[in-house]
Amino acid sequence: MIATASAVAFIVYACKGKLDTTGKLDLSAVPVQTVDQMFVVQTENGLIQMRMEAPLMERYEADTLSYELFPEGLQVYSYNEEGMLETSIVSDNAKHEKFKDGRETWSAFGNVVIKNLMKQETMETDTIYWDRKNERFYTDCYVVMYSPDGLMQGYGMESDQRARESVIKRPFNSYGLLEQDSTVVRIDSANFIGPLLKK
């Protein structure tokens with residue numbers, strides 16, 4: 001009888017030790033969901049509005065917020081009112097945070113390239129933030145902007161979410177202008193359908 005009681009006491013003690021070890025696991029540091037080769041399309045009235053692609057998405061849950069990480073990069077494509085591809089955003093990393101009070105933030109960082117394909121304008125920076133509610137992009141980092149007309153650079157930038165009207169907040173004093181032939185035909189290669197024009 002004493003041997004049986006000792007065996008039961010040993011099992012309870014052994015299980016208690018394992019429970020203490022398990023209780024120290026930080027679940028907020030472990031993704032609750034992972035998605036490989038993520039592909040998301042958003043449409044409205046039968047027209048595509050946005051497309052997102054990422055090799056890997058990891059979702060985490062914490063007490064005050066949930067967030068998604070895109071550690072292998074993110075590509076976002078935005079379409080205009082006629083359903084034509086207008087803007088692309090590519091970055092090495094990205095993060096999407098959703099707070100319990102309803103706020104949400106998007107940030108992309110590491111070799112961020114934003115293109116307005118219709119205007120043939122390109123912006124390059126290290127970090128960009130997207131205010132989804134107000135439909136604005138902004139950053140305080142160094143920015144360089146290329147267009148068919150020239151080059152500008154400076155610190156800080158704000159733009160609408162389709163990169164139609166981008167403004168550098170603190171531009172450098174120097175900038176470059178390109179002299180162009182006014183007879184050159186520009187082709188929107190992303191949306192062009194039909195044979196290419198002969199040179």
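What tally of residues in segment 125-157 results from selecting those that are part of a strand (DSSP E or B) and either in contact with a helix residue (DSSP H, G or I) (Cβ under 7 Å, 6 or more places away or on another chain) or more than 24 Å from GLU104 (Cα to Cα) (or both)?
Filtering segment 125-157 down to residues part of a strand (DSSP E or B) leaves 125-131, 136-147, 150-157.
Next cut, either in contact with a helix residue (DSSP H, G or I) (Cβ under 7 Å, 6 or more places away or on another chain) or more than 24 Å from GLU104 (Cα to Cα) (or both) only: 142-147, 150-155.
Total satisfying the criteria: 12.
Would segment 47-63 turn up any residue that is more than 20 Å from GLY154 (Cα to Cα) and among the polar types (S, T, N, Q)? So that I can check it myself, show each step before the final result.
Just the residues of segment 47-63 that are more than 20 Å from GLY154 (Cα to Cα), to begin with: 47-63.
Those still in the list that are among the polar types (S, T, N, Q) too: 49.
Yes - at least one qualifying residue is present in segment 47-63.
Which of the residues that make up segment 42-61 are aliphatic (A, V, I, L, M) and more than 24 Å from THR127 (Cα to Cα)? Break it down stepwise before answering.
Kept after step one, since they are aliphatic (A, V, I, L, M), are these residues of segment 42-61: 47-48, 50, 52, 54, 56-57.
LEU47, ILE48 - these are the residues of segment 42-61 that are aliphatic (A, V, I, L, M) and more than 24 Å from THR127 (Cα to Cα).
Checking ASP36 against (1) in a strand (DSSP E or B); (2) over 13 Å from the mean Cα position of the chain (by Cα); (3) among the acidic types (Asp, Glu); (4) closer than 23 Å to ARG162 by Cα: exactly one of these is not met. Which one?
Every listed condition holds for ASP36 apart from (4).
Kindly list, by first and then second residue, each pair from a residue in segment 47-73 that is assigned to a loop (DSSP other than H, G, I, E, B) to a residue that is modelled with pLDDT under 90, limited to pairs with Cβ atoms under 6 Å and residues at least 6 apart or on different chains.
ALA62/SER28; THR64/LYS100
Let's see how each residue does on (1) modelled with pLDDT of 90 or more; (2) more than 17 Å from the chain's Cα centre (by Cα); (3) over 21 Å from VAL76 (Cβ atoms); (4) surrounded by 14 or more Cβ atoms within 10 Å (Cβ to Cβ):
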| site | (1), (2), (3), (4) |
| --- | --- |
| LYS95 | yes, no, no, yes |
| GLY110 | yes, no, no, no |
| THR127 | yes, no, no, yes |
| ARG132 | no, no, no, no |
| VAL144 | yes, yes, no, yes |
| GLU179 | no, yes, yes, no |
| VAL185 | no, yes, yes, no |
| SER189 | no, yes, no, no |
| PHE192 | no, yes, yes, no |
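The values are calculated or read from the model by the stated rules, or taken from the named source; none is laboratory data. All values reported here derive from a predicted model rather than from experimental measurement. Cβ atoms come from the backbone with ideal geometry, glycine included; neighbour counts cover every protein chain shown.
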